[in-house]
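This report concerns only the one structure given below.
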Amino acid sequence: MNPNKLRCKETISGMSDPQVRLETMIAKLKDLSFRVTPQRLAVLKILANSDAHPSVENIYEQLKPNFPTTSLATIYKTVNLLKEIGEVVELDFSEESNRYDGNKPYPHPHLICTQCKTIVDPDVATASDLSKELAKKTGYQIVNHRLDFFGICPRCQSKS
Ligand SMILES: [Zn+2]
Ligand SMILES: [Zn+2]
């Protein structure tokens, strides 16, 4: 998957086209001979359509009304599988639940509110420029990066 190609498909809001993301995930799972069960499909849909960076617990809450027998473990397995095949980006937090971005499955900067835990994707291109510059300066072949900005979102600021 060429990340630049994906980037061209981004909508004005900065999100990738959810339908394209969903189809890409399904195609990749099928290519690798994984079954796409209705339950698994529901997890894919939530991840493809969300820019809120849900946790496994969030996904579970959204699924429960339609799939009352779904367990957290099942969702963990699906999310981990997607992570292994590069179709979801994991944001790993030591104190909080990990969060996932299945709409943009490539490295990109994140803005994290330390109060309400909202995570957004700032619409900036600087991260890939920084990667290129680092590669040039250090001779490293950069394969991944993680760029998190922590702060207080406008909504939380207006509350205090
Ligand atoms: Zn906040
Ligand atoms: Zn993101």
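The values are calculated or read from the model by the stated rules, or taken from the named source; none is laboratory data. What you see is a predicted model, and the numbers here were worked out from it, not measured in a lab. Positions of Cβ are backbone-derived with ideal geometry, glycine not excepted, and every protein chain shown enters the neighbour counts. Ligands, DNA and RNA are excluded from the accessible area calculation, which covers all protein heavy atoms including side chains. Shrake-Rupley method; radii C 1.70, N 1.55, O 1.52, S 1.80 Å.
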Sorted by accessible surface (1.4 Å probe, heavy atoms of the protein chains only), largest first, LEU32, LEU72 come out as LEU32, LEU72
Which of ASP51, ASP31, ASP17 moves the most in a Gaussian network model of the chain with Cα springs under 10 Å?
ASP31
Once the dipole of the chain is set up from charges on Cβ (+1 Lys and Arg, -1 Asp and Glu), the residue from the list ASN98, GLN157, SER50 lying farthest towards its positive end is SER50
If ligands, DNA and RNA are left out, what is the accessible area of LYS159 with a 1.4 Å probe, given in Å² to the nearest 10?
150
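If you take the square roots of the eigenvalues of the alpha-carbon gyration tensor of the stretch 11-69 and sort them as a ≥ b ≥ c, do you get rounded (a/c under 1.5), prolate (a/b over b/c) or oblate?
Values: a/c = 2.41, a/b = 1.06, b/c = 2.27.
Taking the square roots of the gyration eigenvalues as a ≥ b ≥ c, the stretch 11-69 is oblate.
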For the stretch 91-160, just the Cα set please: Rg and Dmax, both in angstrom.
14.4, 46
Write down the Å³ per residue value for the convex hull defined by the alpha carbon atoms of the chain.
144
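Which order do ASP123, ASP101, ASP129 take by accessible area at a 1.4 Å probe, largest first? Write out the running numbers ahead of the final one.
Values: ASP123 115, ASP101 0, ASP129 85 Å².
Largest to smallest exposure gives the sequence ASP123, ASP129, ASP101.
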So which of LYS28/LYS132; LYS64/LYS117; LYS117/LYS137 end up more than 26 Å apart by C-alpha?
LYS28/LYS132; LYS117/LYS137
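Please report the relative contact order for the chain, taking Cα pairs under 8 Å with a sequence separation of at least 6, and give it as a percent rounded to a whole number.
Numbers: 187 pairs, mean separation 31.2, N = 160.
So the answer I get is 19 percent.
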Sulfur and carbon atoms: percent of accessible area, the chain [1.4 Å]
54
